[in-house]
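Trainee: After the structure tokens below, expect a handful of questions from me.
The values are calculated or read from the model by the stated rules, or taken from the named source; none is laboratory data. On a predicted model such as this, the values are computed, not experimentally measured, just so you know. As a convention, Cβ positions derive from the backbone with ideal geometry for all residues, glycine included, and neighbour counts pool all protein chains shown. Only protein heavy atoms, including side chains, enter the accessible area calculation; ligands, DNA and RNA are left aside. Shrake-Rupley method; radii C 1.70, N 1.55, O 1.52, S 1.80 Å.
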Amino acid sequence: MSRILALAEKELLQLRRDPVLLRLVMLLPALMLLLFGYAINFTLKNIPLALYDASKDRVSEALLQALTEEGTFRLALEAESPEGVVEAIHRGQARLGLVVPEGALEKVRRGESVALEIYVDGSDPNFAFQAQAALRKAIQEVNSRILLGRALAGEAVLPPLSPSLHVLYNPESRTAWFMIPGIVGLILTLFTALLTALSIVREGESRMMESLLASPLRPHEVVLGKVLPYLLVAFLVALLVQFLGHAVFGVPLRGSLALLLLAMFLFVLGSLSVGVLISTLARTQVQAVFGTYAYGFPAIFLSGFVFPIEGMPPFFQALSYLVPARYLIEVLRGVKLKGVGWEVLWPDLLALALFAVLVLFLASVRFRRQVAV
């Protein structure tokens, strides 16, 4: 027993002498708890709503008040035409659209139903289901108020507001259409960073890095030589997943393939640079693995991969803008499901380009300092 305890003591001392790994082991569970507790929230708030109100009377006012009073929806845009509502959803300015026809109050007074047109962004089936449920609840509240007055007057009428629902982009609510673009983003996040970090750290552990640096190769040439094969492999993996998603699950490609490849290239370049950056901070392969997980966990929870960003607290919604996978997934879903182009997705592409340039610069500076030491 004493020998077992002595060995256990030795392992504890070894762990204590590895401050990087010890911090990661302590911080990762806390990070996971916070992300699970706050990010996994399916109660949506502040859903951006596009409205075309041709009536502008007490009925439409009561409907808008019922939609926004609990904070589930917020009026993001007042369109000038019914087509403008769909265009707002297409451009990402709103995720739900409502068209109120002219003369709503007169129709209610005559006992007729007002035909409302509702458009929902169906690229995320979970979001679409919850948004429809919240919308129906608000419409039911307005109907109940109007019908109560009619019932007291002894009149029998049809439901005053009659919604007609249009689910855009994914009318059959196929989960695979929503998940596969996110899976591509997740694979590229973990796959590229982990392989690059492990490759460089492994060279350092085996003393091969010292031999490479003693050769005529310059430090940046060493890094590029290590990174380029993984750039090719990551692209092949991404294309394979895209092909399987289309061939097996029928995920469409409604936009530009060139735009899709550009977004993946920028993201892969940035993630490979993250792997280089992790390798300069990690001294062992175990540290590199934990460091990659620390980089990848926010991508799972804060990118919109599975959990809707609209359901997160404001702090985590703001934090999600620092997660590069968010922008890649936006481009993948925008190109594949919505068919949108550069005019809509340029902010996401710009964010990916800034991510790639900034992390590549930091990784280069850090690697040069490590080599100088």
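Trainee: In the range 124-137, what count of residues is obtained for those that are touching a Leu at 6+ places or on another chain (Cβ under 6 Å) and buried (at least 22 other Cβ atoms within 10 Å of the Cβ)?
Mentor: 1
Trainee: Just to confirm my filter: which strands (runs of 3 or more DSSP E) fall fully inside the range 40-114 and include at least 3 residues that are in contact with an Asp or Glu (Cβ under 9 Å, 6 or more places away or on another chain)?
Mentor: The strands (runs of 3 or more DSSP E) meeting that bar are 47-53, 96-100.
Trainee: I want to confirm something. Restricting to the range 324-361 and keeping residues that are assigned to a loop (DSSP other than H, G, I, E, B) and open to solvent by 10 Å² or more (accessible area, probe 1.4 Å), which single residue is nearest to Ala263 (Cα to Cα)?
Mentor: The extreme case among them is Gly341.
Trainee: May I pose another question? Within the group Val359, Val340, Val323, Val306, which residue is over 22 Å from Arg74 (Cβ atoms) and free of Cβ contacts under 8 Å to residues at least 40 places away in the same chain?
Mentor: Val323
Trainee: Does the range 148-168 contain any residue that is closer than 26 Å to Gly71 by Cβ, crowded, with 17+ Cβ neighbours inside 10 Å, within 18 Å of the chain's Cα centre (by Cα) and modelled with pLDDT of 85 or more?
Mentor: no
Trainee: Condition check: in a helix (DSSP H, G or I) and either surrounded by fewer than 21 Cβ atoms within 10 Å (Cβ to Cβ) or touching a Cys at 6+ places or on another chain (Cβ under 9 Å) (or both). Does Phe301 satisfy that?
Mentor: For Phe301, the condition - in a helix (DSSP H, G or I) and either surrounded by fewer than 21 Cβ atoms within 10 Å (Cβ to Cβ) or touching a Cys at 6+ places or on another chain (Cβ under 9 Å) (or both) - is not met.
Trainee: Going by what's in this entry, would Leu44 be described as modelled with pLDDT of 90 or more and buried (at least 21 other Cβ atoms within 10 Å of the Cβ)?
Mentor: Answer is no for this residue.
Trainee: Being among the charged types (D, E, K, R) and open to solvent by less than 50 Å² (accessible area, probe 1.4 Å) is the filter here; which residues of the range 80-98 pass it?
Mentor: Residue satisfying the conditions is Arg95 alone.
Trainee: Quick one: is Ile309 β-branched (Val, Ile, Thr), modelled with pLDDT of 90 or more and either open to solvent by less than 10 Å² (accessible area, probe 1.4 Å) or in contact with a Lys or Arg (Cβ under 9 Å, 6 or more places away or on another chain) (or both)?
Mentor: In short, no.
Trainee: Restricting attention to the range 206-227, does a residue exist that is under 24 Å from Ile278 (Cα atoms) and at pLDDT 80 or above?
Mentor: So far as the range 206-227 goes, no, none of its residues is under 24 Å from Ile278 (Cα atoms) and at pLDDT 80 or above.
Trainee: Now for a separate question. If you check Leu257 against the conditions, is it within 28 Å of Arg95 (Cβ to Cβ) and over 18 Å from the mean Cα position of the chain (by Cα)?
Mentor: yes
Trainee: Separate question: For the range 260-281, name all the residues that are touching a residue at least 40 places away in the same chain (Cβ under 8 Å), under 22 Å from Gln242 (Cβ atoms) and open to solvent by 20 Å² or more (accessible area, probe 1.4 Å).
Mentor: Across the range 260-281, the qualifying residues are Leu262, Leu266, Leu269.
Trainee: Moving on to the next point. Return the residues of the range 238-258 that are in contact (Cβ under 8 Å) with a residue 12 or more places away in the chain, part of a helix (DSSP H, G or I) and open to solvent by less than 80 Å² (accessible area, probe 1.4 Å); say none if nothing qualifies.
Mentor: Matches in the range 238-258: Ala238, Val241, Gln242, Gly245.
Trainee: Moving to a separate point now. For residues that are more than 11 Å from Val306 (Cα to Cα) and open to solvent by less than 40 Å² (accessible area, probe 1.4 Å), tally how many sit in the range 172-197.
Mentor: 10
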